[in-house]
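Quick notes on the structure that follows.
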Amino acid sequence: MNKLGFARKEKVQQFMSVTGASEKVAIQTLKTNDWHLEGALEAFYSQDHIKAATEKNRWEGLFKKYKEPNVDMIMADGISNLCNDLQVDPGDIVMLVLSWKMKAENMCEFSKQEFIGGVQSLEIDSLEKFKKKIPVLRSQLKDEDTFRDIYNFTFEWAKEKGQKSLALETGIALWQLLFAELEWPLIDQWCQFIQERHNKPISRDVWCQLLEFAKIIFQK
């Protein structure tokens, strides 16, 4: 920028101030538009809008690929098709992590807002990028605080609509899935105990307290 004259430096500064673009982008865009500030600004925002529109179309395209024919929702069949395309088993815990990332309200379904918001936050606009994000999503389970967030999310996500508790069989299946990640050796005994002695839906308190109990045992 030191090689530029005063007038052009001023235009670069004005361009950067208005758009928030880097100095390199400002100089390149102004050069392309013969150093006409208004033309450069128009070109910049036009390109930005085109990019945004393209990304939106790609997100919409991904959603439409898996949504139900007559409803703006991705349901069990669509999720199964997504898993096939991602080469992931539907029962893989990474799909639970994906649901957490998308802030899904219910198991086995994504609303349009949840799905598009999720792929946008993950910077996914193609199936190939989706595949590359699977190891990243899986690695989230290794962080203790993130695992706790996912574990707590699972209770609300998995319970049936309108219910305060989690169905016993569903809870046991999810405990086995989640605690396999922690390699907690007592999970099978716990599930047997809860089925034989408790034998009723699982409350939020029981769900949350088990993780804390398991951590205490681990520490010993």
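Residue count for the stretch 145-185 satisfying the condition of being farther than 21 Å from K103 by Cβ, assigned to a helix (DSSP H, G or I) and touching a Lys or Arg at 6+ places or on another chain (Cβ under 7 Å): 1. Among the residues of the stretch 190-220, those identified as of a type in the set (S, T, N, Q) and either loosely packed, with under 13 Cβ neighbours inside 10 Å or within 21 Å of M95 (Cα to Cα) (or both) are Q192, N199, Q209, Q219. Evaluating F147 against the criteria (1) assigned by TED's automatic domain parsing to the domain that holds E181; (2) farther than 29 Å from Q163 by Cα; (3) not basic (K, R) leaves one unmet condition, (2). Among the candidates D89, D72, the residue that is under 15 Å from L137 (Cβ atoms) and acidic (D, E) is uniquely D89.
Within the stretch 195-205, one or more residues are in a helix (DSSP H, G or I) and either under 26 Å from M102 (Cα atoms) or touching a strand residue (DSSP E or B) at 6+ places or on another chain (Cβ under 9 Å) (or both).
In the condition set (1) surrounded by 14 or more Cβ atoms within 10 Å (Cβ to Cβ); (2) touching a residue at least 40 places away in the same chain (Cβ under 8 Å), S126 is compliant with all but (1).
Of the residues making up the stretch 170-189, those that are surrounded by fewer than 18 Cβ atoms within 10 Å (Cβ to Cβ), modelled with pLDDT under 95 and on the phi < 0 side of the Ramachandran plot are A180, E181, L182, P185, L186, D188, Q189.
On inspection, V94 passes the criterion of being within 25 Å of F147 (Cβ to Cβ), in contact with a Lys or Arg (Cβ under 6 Å, 6 or more places away or on another chain) and modelled with pLDDT of 95 or more.
The values are calculated or read from the model by the stated rules, or taken from the named source; none is laboratory data. Predicted, not measured: the structure shown is a model, and the values here were computed from it. With ideal geometry, Cβ positions are generated from the backbone for all residues, glycine too; neighbour counts draw on all protein chains shown.
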